[in-house]
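Structure, as structure tokens:
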Amino acid sequence: MAKVLVFIDNPGQALKKSSLELLTIARTLGEPAVAFNGELHEDVAAGLAAYGAQALYRPSATDLDDYLVGPKASYLAAAVQTAGASVVLAENSAEGKEIAARLGIKLGAGVITDVVAVDPDGTAHKSVLAGSYTTTAKATTPVAVLTVKSNSVTPEPAVTGTAPETVSVEVPETATAASARITERSEKAATGRPDLADARIVVAGGRGVDGDFGPVEDLADALGAAVGASRAATDAGWIGHDAQVGQTGKTVSPQLFISAGISGAIQQKAGMQTAKVIVAINKDAESPVFEIADFGIIGDLFKVLPQATEEIRKRRG
Ligand SMILES: Cc1cc2nc3c(=O)[nH]c(=O)nc-3n(C[C@H](O)[C@H](O)[C@H](O)COP(=O)(O)OP(=O)(O)OC[C@H]3O[C@@H](n4cnc5c(N)ncnc54)[C@H](O)[C@@H]3O)c2cc1C
């Protein structure tokens, strides 16, 4: 059976939904294992096992998290060889894609990014041209590296979980020798909202909010959603750049994307077009955003969003 390695960059204190999604896909392709770096808490390890991880690979050098992508790719290449893996799955984040590219070069492996579904034979379905088309591709190399968009599958636990063995992977000394090192970190203040890339619901605002993200944030909080933004809004400094969705921002695939005061430029659509349901609120009936919306509301967001928030709060008691 094919060995499938799921890369989890710094698993943190709680199980990430994206990791469970990757393990769910991995089980359809073969025998899943996890390669991680950083700390792995006991309950996170147990959760990974419940989703099918049969082995946990960790780097012999414990401080890889203090480096940028280079050493992580070297470690992952060593982990692939130790595990005898023929498929590697990673997150479709900017860092995940860069690690995948470097891994591809190191192993001579085919790399497929922006994957939205994987068939059991390894054929990947990939979103291309700003989400306008879905293509299929299959790596013909002995090792395939796939980066998978969040929310591509619903995470499902394995029928039987086994206690995974932990295997230490020797990281070559050269891996960290000439690499830039992170010397300081400052913790971002927690918003209490879900992570934008993983969120099931995203409420996003654009230039139409005119500097006031309050109604967008209120609706997001009523729905337990993440807050996103167009580049016009982030460039204006109304919200941080980490909220930007689009070609030069984050790619999201939530179950529900609510777009308010966003015109739907192609670069913006590139980041959200694969959302399952799109609701657009725009006062211009001719706005291109309505071309991709499943539901459209022609109206002023400052009237529509507060009404929606009030109604949702009322129904939720
Ligand atoms: C290389 C490149 C990369 C880019 N990458 C990105 C990217 O990653 N993400 C991104 O978003 N953009 C990106 N852009 C910019 C993109 O082309 C658009 O300029 C941008 O998305 C526009 O943002 P917007 O829709 O918020 O603003 P606008 O296009 O100005 O649209 C504002 C909309 O709000 C509506 N509106 C105004 N007031 C209200 C109201 N009170 N109620 C309801 N509706 C209202 C208007 O009718 C209008 O449709 C990129 C551009 C380039 C060239």
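Couple of notes before you dig in:
- Check on residue 295, open to solvent by 20 Å² or more (accessible area, probe 1.4 Å) and either within 8 Å of the ligand (Cβ to nearest atom) or of a type in the set (S, T, N, Q) (or both): no
- Of the residues making up the stretch 214-224, just one is crowded, with 23+ Cβ neighbours inside 10 Å and either free of Cβ contacts under 8 Å to residues at least 60 places away in the same chain or more than 14 Å from the ligand (Cβ to nearest atom) (or both), namely 220.
Every residue, every condition in (1) closer than 30 Å to residue 66 by Cβ; (2) open to solvent by 80 Å² or more (accessible area, probe 1.4 Å), yes or no:
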| site | (1), (2) |
| --- | --- |
| 175 | yes, no |
| 178 | yes, yes |
| 196 | yes, no |
| 208 | no, no |
| 212 | no, no |
| 226 | yes, no |
| 229 | no, no |
| 242 | yes, no |
| 247 | no, yes |
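- Residues satisfying the stated conditions in the stretch 174-212, i.e. closer than 27 Å to residue 20 by Cβ and within 16 Å of the ligand (Cβ to nearest atom): 196, 197, 202, 203, 204
- Complete set of residues in the stretch 21-47 that are within 20 Å of the chain's Cα centre (by Cα) and part of a strand (DSSP E or B): 32, 33, 34, 35, 36, 37, 40
- Close contacts from the stretch 230-255, counting a first residue that is touching a residue at least 40 places away in the same chain (Cβ under 8 Å) and a second that is open to solvent by 10 Å² or more (accessible area, probe 1.4 Å) and near the ligand (Cβ under 6 Å from one of its atoms), with Cβ to Cβ under 6 Å and a gap of 6+ residues or different chains, come to 247/267.
- Among residues that are open to solvent by less than 20 Å² (accessible area, probe 1.4 Å) and not β-branched (Val, Ile, Thr), residue 137 is not included.
- Looking across the stretch 270-287, the residues that are surrounded by fewer than 17 Cβ atoms within 10 Å (Cβ to Cβ) and either modelled with pLDDT of 95 or more or within 8 Å of the ligand (Cβ to nearest atom) (or both) come down to 277, 283, 284, 285, 286.
- Test for residue 23: is it open to solvent by less than 20 Å² (accessible area, probe 1.4 Å) and more than 19 Å from residue 147 (Cα to Cα): no
- Matching residues, the stretch 254-268, being farther than 21 Å from residue 223 by Cα and open to solvent by less than 30 Å² (accessible area, probe 1.4 Å): 264, 268
- Checklist (1) open to solvent by less than 50 Å² (accessible area, probe 1.4 Å); (2) outside any helix (DSSP H, G or I); (3) within 9 Å of the ligand (Cβ to nearest atom) applied to residue 304, failing item: (2)
- Pair list, Cβ under 7 Å, 6 or more apart: the stretch 264-287 residue within 20 Å of residue 150 (Cβ to Cβ), other residue more than 7 Å from the ligand (Cβ to nearest atom) and of a type in the set (Phe, Trp, Tyr): 272/257; 275/257; 278/257; 279/295
- Segments classed as helices (runs of 4 or more DSSP H), wholly inside the stretch 67-181, with at least 2 members that are more than 28 Å from residue 195 (Cα to Cα) and among the β-branched types (Val, Ile, Thr): 69-83, 174-177
The values are calculated or read from the model by the stated rules, or taken from the named source; none is laboratory data. All values reported here derive from a predicted model rather than from experimental measurement. Every residue, glycine among them, receives a Cβ derived from its backbone with ideal geometry; neighbour counts consider all protein chains shown. These accessible areas exclude ligands, DNA and RNA; they are computed on the full protein's heavy atoms, side chains included. Shrake-Rupley method; radii C 1.70, N 1.55, O 1.52, S 1.80 Å.
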